[in-house]
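The values are calculated or read from the model by the stated rules, or taken from the named source; none is laboratory data. What you are looking at is a predicted structure, and each value in this text was computed from that prediction instead of being measured. Cβ placement follows ideal geometry from the backbone for every residue including glycine, while neighbour counts extend to all protein chains displayed. Areas reflect the complete protein model, heavy atoms only, side chains present, ligands, DNA and RNA absent. Shrake-Rupley method; radii C 1.70, N 1.55, O 1.52, S 1.80 Å.
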Amino acid sequence: SLQINGGGPFSIGPAVAIFGNLQIQNLPVTPGTNQVCETFVWGNLVFQNSGTGIQIGSAGGCVGNFVVGNLLVQNNSGASVIDSNIVVGSLKDQRNTEATQVFTNTINNNLQCSGNTTITGGGNKAHHKLGQCSTF
């Protein structure tokens with residue numbers, strides 16, 4: 001497992017394997033956007049309680065991630081993009097105060113979004129789509 005708690009800008013991937021959980025939290029407000037791309041996460045991927053932006057998935061020459069567990073993005077005040085990921089469990093996006101984008105993800109279980117200030121998305125495939133993501 002890998003945990004990032006606080007600290008400065010980071011980029012994980014491409015071609016990284018984490019045979020456990022990836023938890024990123026409590027990042028301070030900084031300019032720019034952090035990135036997790038083309039990463040295989042055997043457990044859960046959690047990004048929470050952070051003030052800086054995140055790109056989880058497809059970005060500038062980097063493809064989406066494969067998450068065996070759940071993908072959770074919650075309680076962030078930086079913009080978040082969740083794009084082109086494969087999630088075996090559920091994808092939950094909740095209580096983010098900056099713009100959130102949820103596009104072209106394939107989720108084996110639930111895609112659930114709630115309490116986000118601004119959210120857009122489309123092209124997602126999921127067993128169930130709930131809340132703000134019900135039409136995505």
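Quick look at the numbers
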{"read-out": "Residue match in the stretch 115-136 (condition: within 18 Å of Asn21 (Cα to Cα), open to solvent by 50 Å² or more (accessible area, probe 1.4 Å) and not acidic (Asp, Glu))", "value": "no"}
{"read-out": "Complete set of residues in the stretch 36-53 that are within 22 Å of Ala99 (Cα to Cα), at pLDDT 95 or above and in a strand (DSSP E or B)", "value": "Val36, Leu45, Val46, Phe47, Gln48"}
{"read-out": "Count of the stretch 103-132 residues which are in a strand (DSSP E or B) and either among the hydroxyl-bearing types (Ser, Thr, Tyr) or out of contact with any Asp or Glu (no Cβ under 6 Å at 6 or more places or on another chain) (or both)", "value": "20"}
{"read-out": "Val87 vs. criteria out of contact with any Ser or Thr (no Cβ under 6 Å at 6 or more places or on another chain) and over 21 Å from His128 (Cα atoms)", "value": "no"}
{"read-out": "The stretch 49-75, residues that are polar (S, T, N, Q) and free of Cβ contacts under 8 Å to residues at least 40 places away in the same chain", "value": "Asn49, Ser50, Gln55, Asn70, Gln74, Asn75"}
{"read-out": "Condition met for Gly78 (surrounded by 20 or more Cβ atoms within 10 Å (Cβ to Cβ), under 9 Å from the mean Cα position of the chain (by Cα) and touching a residue at least 40 places away in the same chain (Cβ under 8 Å))", "value": "no"}
{"read-out": "Within the stretch 17-40, tally of residues that are in contact with a Phe, Trp or Tyr (Cβ under 7 Å, 6 or more places away or on another chain) and either among the small types (Gly, Ala, Ser) or surrounded by 15 or more Cβ atoms within 10 Å (Cβ to Cβ) (or both)", "value": "6"}
{"read-out": "Total residues in the stretch 81-98, condition closer than 23 Å to Gly6 by Cβ, open to solvent by less than 70 Å² (accessible area, probe 1.4 Å) and either touching a residue at least 40 places away in the same chain (Cβ under 8 Å) or part of a strand (DSSP E or B) (or both)", "value": "4"}
